[in-house]
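Participant: Mind looking over this structure? Questions follow.
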Amino acid sequence: MRTASVILSLLTFPLLWLMLPALVFPPAAFVLGLKGYRRARARAGWNWHLPQQLLNALPMVLALVVGALAWYMILTGYKA
């Protein structure tokens, strides 16, 4: 799940000219990252430490940053 989340985030910018990836990929990447985070938390049980939390939260943060940057690029420089 986390790998799919990162791949969707990274595919947003090369396909930004299509406009659809900016609307679909970042939210889908966030949802997949959230599912991966919950799955990792459930597997870790009591052994859930801060470095693991940060590493597993990284795909969600990446999805949010990519989504915000994509929207910024669309709003400031997109020429249809």
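Participant: Be a star and scan segment 1-17 for residues whose amide nitrogen sits under 20 Å from the point 7 Å along the Cα-to-Cβ vector of residue 39.
Facilitator: Correct set: 1-11.
Participant: I need the peptides 39-48, 11-20, 26-35 ranked by packing, meaning the mean over residues of other C-beta atoms within 10 angstrom, with the highest value on top.
Facilitator: Working: 39-48: 10.5, 11-20: 13.2, 26-35: 19.5.
Result, highest mean first: 26-35, 11-20, 39-48.
Participant: Viscosity 1.306 mPa s, temperature 10 °C: Stokes-Einstein D of segment 39-80 from its Kirkwood Cα radius, in µm² per second?
Facilitator: Working: Rh = 12.4 Å.
After rounding, the answer is 128 µm²/s.
Participant: Over the chain, what relative contact order in percent results from Cα pairs under 8 Å that are six or more residues apart? Before the final figure, lay out each step's value.
Facilitator: Working: 80 pairs, mean separation 32.0, N = 80.
Answer for the chain is 40 percent.
Participant: Could you sort 49-56, 65-72 so that the peptide with the highest average Cβ count within 10 Å comes first and the rest follow in order?
Facilitator: Values: 49-56: 11.5, 65-72: 15.5.
Going from most to least packed, we get 65-72, 49-56.
Participant: Now for a different question. Any chance you could tell me what percent of the C-alpha pair distances in the chain go past 20 Å?
Facilitator: Numbers: 1128 of 3160 pairs.
Cα-Cα pairs in the chain separated by more than 20 Å: 36 percent.
Participant: Angle check, please: helix 50-77 long axis (alpha carbons) against the longest principal axis of the chain (alpha carbons), in degrees 0 to 90, nearest 10.
Facilitator: Roughly 10 degrees between the two axes.
Participant: Taking Cα atoms, how many degrees apart are the long axis of helix 2-12 and the longest axis of the chain, rounded to 10 and kept between 0 and 90?
Facilitator: Taking Cα atoms only, the helix is inclined about 10 degrees.
Participant: At 1.4 Å probe radius, can you tell me the per residue accessible area of the chain in Å²?
Facilitator: Values: 5540 Å² over 80 residues.
With all protein chains present, the chain gives 69 Å² per residue.
The values are calculated or read from the model by the stated rules, or taken from the named source; none is laboratory data. Predicted model only: the values in this text are computed from it and were never measured. Quick reminder, even Gly has a Cβ in these numbers, built from the backbone with ideal geometry, and neighbours come from all protein chains shown. Side chains included, ligands, DNA and RNA excluded: accessible areas come from the protein's heavy atoms. Shrake-Rupley method; radii C 1.70, N 1.55, O 1.52, S 1.80 Å.
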